Structures are given as C-alpha cells and as structure tokens.
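Down below is the structure, laid out as structure tokens.
The values are calculated or read from the model by the stated rules, or taken from the named source; none is laboratory data. Computed from a predicted structure; not experimentally measured. Note that we place each Cβ from the backbone using ideal geometry, even for glycine, and neighbour counts take in every protein chain shown.
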Amino acid sequence: MNPLHIIGRVISNPWFVGVLCTVAAVTAGFVDQGTVQMWCFLIINIMLAQSINLLTGIAGQISLGHAGFLAIGSYVAAILLKDYGVPFPLAILFTMIVSGMVGFLLAIPSGRVREFYLAMMSLAFGLIVYELLREWRGITGGVMGTRGIPSPNLNTLELLGWQVTMEWYFRVMLLSLLVLMFMLRNFVKSHYGRAFYAIHVSELAASSLGISQGGTKRFAYMLSGAIAGIAAGFYAYLVGYLTPESFTLMRSVEILVMAIVGGLGSLIGPILGATLFTYLPQQLQAFNDYQFIVYGLILVFSFILLPRGIAGLLGTHTRYSKHDQLSASISQADTLLSRRSIDSGALVEVQSVVMEFSGLRALDDVSLQVFPGTITGLVGPNGSGKSTLVNVISGIYKPSSGTVSFKGQTVSGWPTHKVASLGVTRTFQDPRNVPSLTVRENILMGAHRLYKHSAFAASINSRASSREETKFLGRVDALMKEADLLQHADDAVGSLPYGIQRLVEVARALASDPELLMLDEPAAGLSEQESDRLIAMIRLAKEHGVGIILIDHHMDFLEQLVDEVITFDAGHEIYRGDMAGMRADLAVVEAYLGKEENHA
Ligand SMILES: Nc1ncnc2c1ncn2[C@@H]1O[C@H](COP(=O)(O)OP(=O)(O)OP(=O)(O)O)[C@@H](O)[C@H]1O
C-alpha cells in the first residue's frame, strides 16, 4: 500500500484524532502561552476552512468574501462581551446565529447568479463589509479598530467570575471543534450533504430528485456563515483587538486557498490545509525578503501537482453516506417499491399542451393520460418533441398553453423540485449522476424526497435518523441487486462504463419510490445483458403500480414493454395505439420508421 495512503488512513482514524486531541488538551498546561495561542489560531483556521469547504467544496458556491463573515462575527462578538457583558460562550452562540442570518440573506441574490458572477458577488460582499468597518466609526472604531476586548491573552477574559486562561480557552476551542467536526461529518453523510453535492454537480438533476436548488443554496450559505461565526467569536477574544486590516480581500483568499490546497470536498482536507497555512508562514520567516515568493511558489506547485489537494495525495475520501457506520445493521429491504393501487384514475393528464421556443412549436396541442401500472411509449424522429414533453411534465418547462395535472392537481408552472416531491421522477437522455460519488451514494440520492428527519437530527446521528438511513440503505442494496450493480456499489460512478451509468440512473429513479416514472432513452448504449436488467427493473416498477412514460428508438425493446405507444412528428401526435398498429401505419412509416430502417 502507498505509504502516503497509510498516513491518510491513520490521520483520519477517530482513535488517532481522539488521542491527539487528548494529548494536546493535556499538554496545553505545560507549554508556553505563545504555543497554545498558535494552536488556537490553528483551530480558527480549521473552522474557517471547513466553513468555506461546506459552501464551495461541497455545495459548489464559490466564495471570495469569507473575511466578511469573519469580520461581522468578530465585531458582533466583541460588542456583545465588551459593551453588554454577555458571557463569552453565549456571545459566541449569538455570533453564530447572526453570521448564519447574514449567510442566509447573502444567498438570496446569490441564488440568481453562478460561477464567475457568483465569485464577483461574494467578492463585493467582502469589500463592502471591509469598507463598512472603516467608515462606521461609531460602532467599529473605524481604522483605529476596537481595542480592550476581554481576552485570555491579556488575562482579562472571565466567565462567571472565573478567569479564563489561555490553556482553558484552548480546551474550550478544541472541544467546540470536535463537536463541530462530529456534527459536520454526520451532516455531510446524510441526505442533506448529498443534496449539497447534487446541486454542485447538476442543479437540473438535483431538482428532478426533489431537491430545491434555492432552498439548498440558502441553507448552505447559512450553515457556512454560522460556522464562520463561531470561528469569528473565538478569534475576537483570542486577539483582544480588531482592526479592518485583519479582514481584507487577502484574508478571504487565504481562507479559500487553505481549503483548496487541503482538498475541497473532503472533511480532512480543510484541516490539513489550515495546518499548513498556520505554520508555513512561520517556517518561511527564515527566507526573510523572499518569504512571500516562496509562499506563492508553494501555492502554484500545489495547484499544479495536487489537483485534489493534500487529502487527495493521502488517498482520503469523504463518504456521502453512513453505509460504513450502519453496514452491520443493514438487512435486505422488505419492499423495493411501495405497492400502489392500479384502480385509481389517471396519474398524469396532459391537456392541449403547446410548447413554443421563439416561434418554434416543439409541442403542438398534445394531450395524453398515463394510468398507474401502465407503460406508455413515446416515439418519433429526432426533434419531434418527446423530451420536451417529459420536460413539461416534470416542470422543467412551463407550457406556453395547456395544462399538466398530477392526480387531479394542476402542476404546470410548478418548480421541478416540487413536482418531483410528489413522486414524479425522470431520467435524462445523457445520464446525470454525480461522477465522483459511488454507485450506492448516487442511488441513495434518489430517496431524497422520502426522508423525514431534520438537519439537526442528521448532525447528531439521532436514533430516528439512523433508522431512516438504514431503511433506505437496505432498499438501495436491494435495488443494486436487482440491477446487478452490487459489485460496483463502492466504485465512483464516473469510473464505470456508460451502460452501467445508465442503470445507476434508473436505479436512482426507482429509489425515489416514484408514482410516475419517465425514462428518456434508457436503453441507449446498453449491452444485451444490461438491457435485460433494465427491462426487469421497468417491469418491476410496472408490477408495483408505477405509471411509466418510456422514450426510446429501439422497437424490439419497446415491444417487450409498452401497453400503448404514441408517435410524434414535429410536435404533433400522428399515431396512438399498439406497436403492431404503429408498424403498419403509413404516416408513421413515412415520418419515422422508414428513416429508422434506412439508418439501420
Ligand atoms: N430549450 C430549448 N430551446 C430551444 N429549442 C428547444 C429547446 N428544447 C427543445 N427545443 C427544440 O424543440 C424541438 C423538440 O426537441 P426535443 O428534444 O423534445 O426532441 P426529441 O423528440 O426528444 O428528439 P431526440 O430524439 O433527438 O431526443 C427541437 O427542435 C429542439 O431543438
């Protein structure tokens, strides 16, 4: 085994972490105050790097203004203690809430912009906060800053009449970090963590699983702000004075770089990055004037040589499921899918839908009904409107006119995630999985809409949350067995052949326990064996009363499955009936089948 990977395994082992923290907590009583203070700065950096990692590394929302959170939190904490005498743990708690609220508010405009613009917006946030600190003299003390904040460094910090020394301050910080890491780890491994990762990779695929992109982004900003708030509170008391110069753009960049160099998306990475960036500047002091050049070079080389950061070099992976914790208790699921009544009326009803794109009529007066336990095939030449119809039903497009209703309720115009949360699940023409997550994690993501437990319950790994996770992990294992995917359960989806990726997406759709399942060319690129697996899965869904819309160009494949087939040409329905009738229909042969045969 690679020796670096052995190091990675050791440092991510909870026993190692426990022993290291105990040793540090005890040793803090014997070493000089400067060393303990440095350890405190390390903890602050770890918290900040985790905060940005959650937002940028996991939820994919780039932030160049994190020093803004640090600044707001630090000044709030300072004012609460210095001016109002709030005990410092309570003041830190309050700071966490204020910073979380700032994060939430910041997410509202951020929800509308992406990538480069998002980076610019977060940059503007950091710059505005910096200017406010300089100009709002009555509150912040302007460029002179705020001094005389009770601090363990000056032996002026007290709690209930007891003087808090540096050594005890460090122990409180260490305990806070351990609690934070425990909660963060559980959170990331829950359906909340998977939702963060899903919006990062594909907002469209995420919303088709019932994940609200706006809500998830706001939640990510809020949590990230709250974590930065905790770091800020500890920072304000640790240093005992605040000036705007501690919260410049450089500080924001430094926080981001710590997480990137450590390894974005993993939980170990930010710890490693923060450690490097806390101690490196000290080591480089020997280089005097060349200190910053050396610093810059290290950065450039680490970006080039370590694309997944130090955590990648050490082979540490963060898992986005609790499979490793719960594997002993996972049994085979009793049911793969809920059994639904097939005697009820139409599941979905499309009425006179027209869909126009700048003058092009992709759908022209289309109507159809799909009943539980039936399969409706959609066929037609390329560009005839099949995918557009699925996009209209799933809420990706709002029809230009006409309505879509699901179980009698009009859903046209609803956001995609809200339609999906009713049990309307679809797959895409090109599979949209999360390539870096495992097969198990991807399929588990499908169950998102079914989870009931709160984010707090997920973070403390409550009994109810474990029970729910175990149930869905069992269901996912059973689905993997059905799809013959068990041997790939722990492989990253991106490393697998195309056909397998398609089966993963279909299994993910089934994990949502859908009422209506829409499959867009699921058999494309599958081997014969994989195609048989797919047929078995579709039949399983049908037997359980799921209503299915199936788009495909393979007539042999459709023949084995569909109850009814509808043929489109240029957005119009040209045939509806059984497969035999379709093959004999002159209009279909003219518009579609003739061309298909010519292709063959
Ligand atoms: N977002 C969009 N903007 C503009 N035009 C679009 C959009 N989506 C679809 N179209 C157009 O609508 C028409 C129908 O496209 P659609 O993807 O539904 O066809 P399809 O039958 O699914 O074809 P294929 O078999 O190639 O998937 C095409 O002319 C396509 O270019």
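Annotations
- Any hit, the range 168-186, residues being in contact with a Lys or Arg (Cβ under 9 Å, 6 or more places away or on another chain) and either within 30 Å of Ser436 (Cβ to Cβ) or in contact (Cβ under 8 Å) with a residue 60 or more places away in the chain (or both): yes
- Among all residues of the range 524-536, there is none that is within 16 Å of the ligand (Cβ to nearest atom), in the same structural domain as Thr425 (by TED's automatic domain parsing) and touching a Ser or Thr at 6+ places or on another chain (Cβ under 8 Å).
- The residues of the range 386-435 that are away from the ligand (no atom under 13 Å from the Cβ) and assigned to a strand (DSSP E or B), listed by number, are Ser401, Gly402, Thr403, Val404, Ser405, Phe406, Gln409, Thr410, Val424, Thr425.
- Boolean, Leu450 is buried (at least 17 other Cβ atoms within 10 Å of the Cβ) and more than 16 Å from the ligand (Cβ to nearest atom): yes
- Candidate set from the range 1-39 (those that are of a type in the set (S, T, N, Q) and in contact with a helix residue (DSSP H, G or I) (Cβ under 7 Å, 6 or more places away or on another chain)); member that is surrounded by the fewest Cβ atoms within 10 Å (Cβ to Cβ): Gln33
One line per residue, one yes/no per condition, for (1) free of Cβ contacts under 8 Å to residues at least 24 places away in the same chain; (2) surrounded by fewer than 17 Cβ atoms within 10 Å (Cβ to Cβ):
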residue	(1), (2)
Trp414	yes, no
Thr425	no, no
Ser462	yes, yes
Leu486	yes, yes
Ala492	no, no
Val506	no, no
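- Helices (runs of 4 or more DSSP H) completely within the range 64-163 that count 1 or more residues being loosely packed, with under 14 Cβ neighbours inside 10 Å: 88-110, 115-135, 137-140
- Selection status of Thr470, hydroxyl-bearing (Ser, Thr, Tyr), in contact (Cβ under 8 Å) with a residue 40 or more places away in the chain and more than 16 Å from the ligand (Cβ to nearest atom): yes
- Residues (more than 9 Å from the ligand (Cβ to nearest atom) and assigned to a loop (DSSP other than H, G, I, E, B)) located in the range 373-385: Gly373, Thr374
- Filter pass, Asp289 being in a strand (DSSP E or B), out of contact with any Asp or Glu (no Cβ under 6 Å at 6 or more places or on another chain) and either surrounded by fewer than 21 Cβ atoms within 10 Å (Cβ to Cβ) or at pLDDT 75 or above (or both): no
- Qualifying residue in the range 348-365 (condition: surrounded by fewer than 21 Cβ atoms within 10 Å (Cβ to Cβ), among the hydroxyl-bearing types (Ser, Thr, Tyr) and within 12 Å of the ligand (Cβ to nearest atom)): yes
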